[in-house]
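Below is one structure, written out as structure tokens, with a few remarks after it.
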Amino acid sequence: MHPCSNHAFAEDSDGDIWAWGLNDFLQTGVVEGDGKRIDNPIILPQKVEVLKGLGVYKIVGGDSYTLVQTYDGLCYGMGNVRNGRLGMSPYEFEEEDVYSDDAVGRLCTLRPKLLPIDNVVDIAAGVRHSAIITGNGEAYVFGSNSHHQCGANRHDEDIAGLTMIEPQTFQNRPVWTIQCGENFTVFGVKAGDL
């Protein structure tokens, strides 16, 4: 089971991923036709065909977006692209990869988008921000930073691109775990011989 902010995922014995819950920004990955008809909410679990074959290890999600970590250390994002929630500026997406409805302020992915990072060992999602750890203990943050929850020593309202937390922040110790809350992020660092 992979519970998110307002939607959820589960994996069956065949490795297929199923989703249910809110889908107003296609955060479940369930897309009907050209994506212009968004069923919301998804009451009964539906198979997420766009995740088939990716080797899903972990799924986290916040308010209207989802991050997917694969066994081979990649990370994909889907759902709401505003506020840098998917680790990229909305302008970095190809027009055919997003659906826009200005009448309701909707800008979302039509398929999972590979984030420009590899060697991912952990992911976490807050309401509108996220964090990623790589195999060498580096921590990256992105998304809403309105309460400085990204901890990147930046005062931007939103951090659209993957931003590494300077190692000095953690006394040059590798980060080994992360958790995100609504307006905060917790980083666990290795200390001594633990």
Ranked by how many other beta carbons lie within 10 Å on average, peptides 4-13, 66-75 from highest = 66-75, 4-13
Grab every C-alpha pair in the chain, bin the distances at 5 angstrom width from 0 up to the longest one, and report whole percents.
-> 1, 8, 17, 21, 20, 15, 9, 5, 2, 1, 0, 0
In Å³ and rounded to a whole number, note down the convex hull volume per residue for the Cα atoms of the stretch 46-160.
-> 109
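Give me the net charge for the shell around V120: Cβ to Cβ below 11 angstrom, other residues only, Lys and Arg +1, Asp and Glu -1.
On the way: positive: K58; negative: D72, D118, D122, E138.
Summing Lys and Arg as +1 and Asp and Glu as -1 gives -3.
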Computed over the stretch 41-103, Kirkwood Rh from alpha-carbon pairs, angstrom = 13.3
Taking only C-alpha pairs under 8 Å that are 6+ residues apart, what is the relative contact order of the chain in percent?
-> 16
For the chain, set up a Gaussian network in which alpha carbons nearer than 10 Å are linked by springs, and say which option among G79, G61, G53 fluctuates the most.
-> G53
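So, with +1 on the Cβ of K and R and -1 on the Cβ of D and E, and no other charges, what is the size of the charge dipole of the chain about its Cα centre, to the nearest 20 debye?
Working: 14 positive and 27 negative charges, 88 e Å.
Result for the chain is approximately 420 debye, rounded to the nearest 20.
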Expressed in µm² per second, the diffusion coefficient of the stretch 73-127 from the Stokes-Einstein equation, with Rh the Kirkwood radius over alpha carbon pairs, at 10 °C and 1.306 mPa s, is 133
What is the pair-distance distribution P(r) of the stretch 1-83, computed from all Cα-Cα distances in 5 Å bins starting at 0, with each bin given as a whole percent?
-> 3, 16, 30, 27, 17, 6, 1, 0
Select from N172, N23, N83 the residue whose mean-square fluctuation is largest in a Gaussian network model of the chain (Cα-Cα springs shorter than 10 Å).
-> N172
Would you mind calculating the gained length between E11 and R111 on full extension (0.36 nm times residue separation, minus the Cα-Cα distance), in nm to one decimal?
-> 34.1 nm
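Just the number, please: Stokes-Einstein D of the stretch 100-194 in µm²/s, Kirkwood Rh from C-alpha pairs, 10 °C, 1.306 mPa s. Intermediate values should be presented prior to the final figure.
Values: Rh = 14.2 Å.
Value of D from the Cα-based Kirkwood radius: 111 µm²/s.
Here, each number is a calculation from the coordinates, and none is a lab measurement. Computed from a prediction, not measured in an experiment: that's the story for all the values here. Every residue, glycine among them, receives a Cβ derived from its backbone with ideal geometry; neighbour counts consider all protein chains shown.
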